[in-house]
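Note sheet for the following structure.
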Amino acid sequence: MDKDNTELKLPPLTEYLLENIIFAMEDQVDTHYLDLLKGEVINEEQKLYPLLEDGDVDEDAEVDPALRYIDLPDWQPSDGFRTMEKFAYQVRNPIYREKLLQALQAGRGVFRRFKDTIGEQPSLEREWFAFKDDQLKREVIAWYRENDGALQLRDLGLEIEELTDDILQEDFIIGRAEDETPIEEIVRLQADLLQEMQEGSDAQRTALLLLKPRLANPEETQYFYAKTQEGELAGFLAYEVLSPSTAEILFFGNKKEFRGMGLFRFVFDHFCRHAARKHYTCLIVNLAGEALSLDALFAPLGCATVTKQIVLSTNAWNESHPSSESAYL
């Protein structure tokens with residue numbers, strides 16, 4: 001096998017693969033990886049000695065291991081403790097909420113005492129396992145988004161997408177800027193994001209040149225925002241109404257700590273519901289820089305490309321085409 005021509009990418013995040021990743025994350029004894037070539041979770045021994053089921057050497061072992069295997073999301077005992085603590089605080093029964101919090105403050109043997117306490121009430125135990133499962137799925141989905149972006153997310157099953165929406169619905173509040181969140185706060189975040197682009201890659205700086213003219217008329221700009229349950233601004237979407245039937249999305253972005261969660265899609269979904277109520281039947285979405293990957297999010301909807309901008313190196317053109325300037329000398 002030609003290892004240089006082997007295409008390696010994350011496989012679709014099926015429910016089966018999701019459960020295998022979670023099982024491996026909780027294993028505190030062995031180290032596990034995701035094999036991008038085979039699309040499955042493997043342990044350290046399988047990575048070091050890749051064999052086929054019949055015992056023969058796997059020819060795919062020639063593929064560069066640094067590219068073929070990626071680490072799974074990190075899940076340490078401290079993460080488990082924080083999950084138990086988070087669960088304890090949201091338990092509605094005040095007696096068991098206090099018992100769980102006391103168990104978590106008892107020092108050594110905390111995991112056993114916590115397990116014994118929730119075991120006293122079968123309904124509480126079921127709530128705990130469901131809560132813990134959701135927390136782990138949060139970690140995996142965020143890790144998957146960070147590693148694969150929107151291209152593979154369109155292949156996720158409906159159950160995973162619904163779970164993601166449920167998680168975001170619990171953690172974030174969506175609103176319009178004129179409701180509660182001051183526009184000044186959104187403008188500050190927008191300025192921070194633009195500065196981040198200025199300090200980023202060449203592609204980001206080029207995208208910034210295209211974005212600035214679109215944001216030149218702030219008095220015409222309207223905003224949708226996402227904030228945490230605690231009131232912290234997490235991200236926003238800026239748009240302008242061009243006609244009674246058309247709106248243009250000018251810019252969008254999230255704070256670093258809230259990226260990789262599918263928050264843009266969540267905000268965009270709320271914006272689309274609002275747009276339909278306002279009878280905006282046409283939406284123009286500008287994608288530039290790293291946001292180009294979101295093209296995969298809209299592709300399945302049959303969207304039309306009405307304009308396109310490319311970035312071309314002048315040297316690339318001049319070096320690949322004979323000059324005709326001498327004909328005029």
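Observations, loosely collected:
- Among the listed pairs K115/K137; K9/K132; K9/K212, a Cα-Cα separation exceeding 24 Å is found for K9/K132; K9/K212.
- Rough spin-label spacing in nm, given labels placed 7 Å along Cα→Cβ, for I70 and I173: 3.5 nm
- Accessible area of segment 187-279 belonging to carbon and sulfur atoms, whole % at 1.4 Å probe: 51 percent
- Förster-model FRET efficiency, 51 Å R0, N217 and D116, C-beta, rounded to 0.05: 0.25
- Efficiency of FRET between Q28 and L301 - r from beta-carbon atoms, R0 41 angstrom, step 0.05: 0.45
- Residue pairs, from the table K38/K256; K227/K255; K227/K308, whose Cα atoms sit over 22 Å apart: K38/K256; K227/K308
- The modelled label-to-label distance between E40 and N315, using points 7 Å beyond Cα along the C-beta direction, is 4.7 nm.
- The stretch between L283 and K47, if pulled fully straight at 0.36 nm per residue, gains 80.2 nm over its current Cα-Cα span.
- Computing FRET efficiency as 1/(1 + (r/R0)^6) for T14 and C272, where r is the C-beta to C-beta distance and R0 is 25 Å, gives about 0.35.
The values are calculated or read from the model by the stated rules, or taken from the named source; none is laboratory data. Bear in mind the structure is a predicted one, so any value in this text is a computation, not a measurement. Positions of Cβ are generated from backbone atoms using ideal geometry, with glycine treated the same way; all protein chains shown enter the neighbour counts. With ligands, DNA and RNA removed, areas are computed over all heavy atoms of the protein, side chains included. Shrake-Rupley method; radii C 1.70, N 1.55, O 1.52, S 1.80 Å.
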